[in-house]
Amino acid sequence: MSNSPDLATMTEARLETTASRLRELVSHLRQQRAQLREEWARLITENKLLTAMTKEEIFAEATSVYDNYVEALETGTYEALQAYARNLSERIIPRGVETHEVVGIVLLLRDVLARSLFAKYREDFNKLNRSLDAYEPAANRIAATVAVGFVQERERIIREQQEAIRELSTPVLQVRERLLILPIIGVIDPQRARQLTEQLLRGIRTNRAKVVVLDITGVPYIDSPVANHLVQTVEAARLLGATVIVTGLSPEIAQTIVNIGVDLGKMNTVGDLQGGIEEAERLLGYKVVPTQEPAAQPA
Amino acid sequence: MQVPILKQGAFLIATVQSALTDEDLKQLRDALVGQVSKVRARGVIVDVTALDVIDSFATRTLRDVAHMIRLRGAETVIVGIQPEVAFSMVKLGLTLEGVATSLDLEEGLAYLNRKGNGSNYEVRTHR
């Protein structure tokens, strides 16, 4: 117990020297700001990073990254830098900036600054060593913060887009009382197939549908698991008391379905969407007849 | 848990209230097949809205009920299968082939009424 005050004082002293070295470092970096920033921007262009951005933009971003970097070194807190990294990522991701570029430029800055320390303390090796001791952990932490911020932002954008695509991918539309259509466009993967089933069965329930027209004109091909899934969906819909009419099967899809040996008696198929809707109307007892005179055209 | 069977006009309606054991299912089958001619029912509705799961034994029993009742001269319709239940049944290959199904009780009644009106054997009494 009696030793601990000494120990504490020593640790405190060491912390203090680290802090004072960082302070020295920061003031050095502030002094050399213009020159180091110039050097960094030059290296970025030389290494063909951030090619999606103009020279002026690179310089502007380099300036604010530099200042944030030095500030993080000075304060030892990373929140501001984190927020800046997120904000920067938000701006540059839509322009097609890649992860390796962001990591690359931050590492370049780290090296540029380290080099300037070498130049400054080349006379005194011990001082250089101590200075690097203070600089390196902080610099590495900054690099990690920026890189992680960028990747997180990217993942957030990807998640958002996936969500948007999912919502768009399977609309369930009511065209008449008790008649739904599900137009499907694009490749159906297993996850989308599951979602389609869910939407269709739920749609039948909420709209009290008797007939559903599943239009797959826009689907280029399907594999056998998905074909099987579709057939199962049709059967499940029947258990809910609804008839499914599948329309717009391409020759390739027809071949897949024949190859997997599905019992076609269970599937109700019509050539195109129009035919499918007409068949559905027949099943529901609708009869669409032209009125005596064509409706007046609005001027 | 016994399933109550109600007579409604020319139809028998059995509404399942909770999960059924195999024993309950057999009992339901016997009761329906027995009562159908006793009350001269034209159709039978089995409402399974309350069931969260319909296994292979239940599916087979329901199919048997439908076929036996047809032999006894009436129609059967199963109503109220939940979407999730329907899909898991199909996944297991349980498709209730040859058995009529409807969304709910109302639809089932409408189905049986349509069926009845189309029948050659029905004698209509005009009042």
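FYI, it's all coordinate maths here, none of it is from the lab. The model shown is predicted, which means the values in this text are computed figures rather than measured ones. With ideal geometry, Cβ positions are generated from the backbone for all residues, glycine too; neighbour counts draw on all protein chains shown.
Which shape class applies to the range A:32-88: rounded if a/c is under 1.5, otherwise prolate when a/b exceeds b/c and oblate if not, where a ≥ b ≥ c are the square roots of the Cα gyration tensor eigenvalues? Spell out each step's value before the answer.
Values: a/c = 2.65, a/b = 1.51, b/c = 1.75.
Because a/c hits 1.5 or more and a/b fails to exceed b/c, the range A:32-88 counts as oblate.
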Indicate the gyration tensor shape class of chain A (rounded, prolate or oblate), computed on the Cα atoms with a ≥ b ≥ c the square roots of the eigenvalues: a/c under 1.5 is rounded; otherwise a/b larger than b/c is prolate and the rest oblate.
prolate
Could you tell me how far the Cα centroid of the range A:180-247 sits from the Cα centroid of the range A:56-70, in Å?
53
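Report the FRET efficiency, 1/(1 + (r/R0)^6), for B:Ser88 and A:Thr51, where r is their Cβ-Cβ distance and R0 is 51 Å, rounded to 0.05.
Numbers: r = 52 Å, r/R0 = 1.03.
E(calc), rounded to 0.05, equals 0.45.
Express in nm, to one decimal, how much length is gained between A:Arg42 and A:Arg95 on full extension, taking 0.36 nm for each residue of separation and deducting their alpha carbon distance. List each step's numbers first, then the result.
Working: separation 53, 0.36 × 53 = 19.08 nm, distance 2.08 nm.
So the chain would gain 17.0 nm between A:Arg42 and A:Arg95.
Using a 10 Å cut-off around each Cβ of peptide A:199-206, what is the average number of partner chain Cβ atoms that fall inside? Kindly include the intermediate steps, with their values, before the conclusion.
Numbers: counts 1, 2, 7, 2, 1, 3, 5, 1.
The per-residue average across the peptide is 3.
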Among A:Leu107, A:Gly203, A:Thr247, whose Cα lies farthest out toward the positive end of the dipole of chain A, if unit charges sit on the beta carbon of Lys, Arg (+1) and Asp, Glu (-1)?
A:Gly203
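Report the charge-dipole magnitude of the range A:173-284 in Debye, nearest 20, computed about the Cα centre from +1 at each Lys and Arg Cβ and -1 at each Asp and Glu Cβ.
Values: 11 positive and 12 negative charges, 109 e Å.
Result for the range A:173-284 is approximately 520 debye, rounded to the nearest 20.
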Quick check for you: which residues of the range A:69-88 have the amide N under 20 Å from the point 7 Å beyond the Cα of A:Ala144 toward its beta carbon?
A:69-86
Taking 7 Å along the Cα-to-C-beta vector as the label spot, tell me the B:Asp64-A:Ala254 distance in nanometres, rounded to one decimal.
4.3
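Where the only charges are on Cβ atoms (+1 Lys, Arg; -1 Asp, Glu), what is the dipole of the range A:4-134 about its Cα centre, to the nearest 20 debye? Walk me through the numbers before you get to the answer.
Details: 18 positive and 21 negative charges, 59 e Å.
Around 280 debye, computed over the range A:4-134.
Within 10 Å of each Cβ in peptide B:79-86, how many partner chain Cβ atoms are there on average? Round it to a whole number, please.
Numbers: counts 2, 2, 6, 4, 14, 5, 4, 13.
Mean number of neighbouring Cβ atoms from other chains: 6.
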Could you give the size of the charge dipole of the range A:87-184 about its Cα centre, using +1 on the Cβ of each K and R and -1 on the Cβ of each D and E, expressed in debye and rounded to the nearest 20?
80
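Calculate, in nm to one decimal, what A:Lys266 and A:Phe59 gain on full extension: separation in residues at 0.36 nm each, minus their alpha carbon distance. The partial results should precede the final answer.
Values: separation 207, 0.36 × 207 = 74.52 nm, distance 6.63 nm.
The A:Lys266-A:Phe59 span can extend by a further 67.9 nm.
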Label-point separation (nm) for B:Val53 and A:Arg33, each offset 7 Å from Cα along Cα-to-Cβ?
6.9
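Compute the length gained on full extension between A:Glu155 and A:Ala19: take 0.36 nm times their separation in residues and subtract their Cα-Cα distance, giving the result in nm to one decimal. Please list the in-between numbers first.
Values: separation 136, 0.36 × 136 = 48.96 nm, distance 3.58 nm.
Here the segment from A:Glu155 to A:Ala19 would lengthen by 45.4 nm.
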Zone residues, the range A:123-147, relative to A:Val26, backbone N less than 18 Å from point 7 Å out along Cα-to-Cβ
A:131-143
Gap separating the Cα centres of the range B:74-117 and the range A:80-131, nearest whole Å:
68
What average number of partner chain Cβ atoms lie no more than 10 Å from the Cβ of the residues making up A:225-234?
2
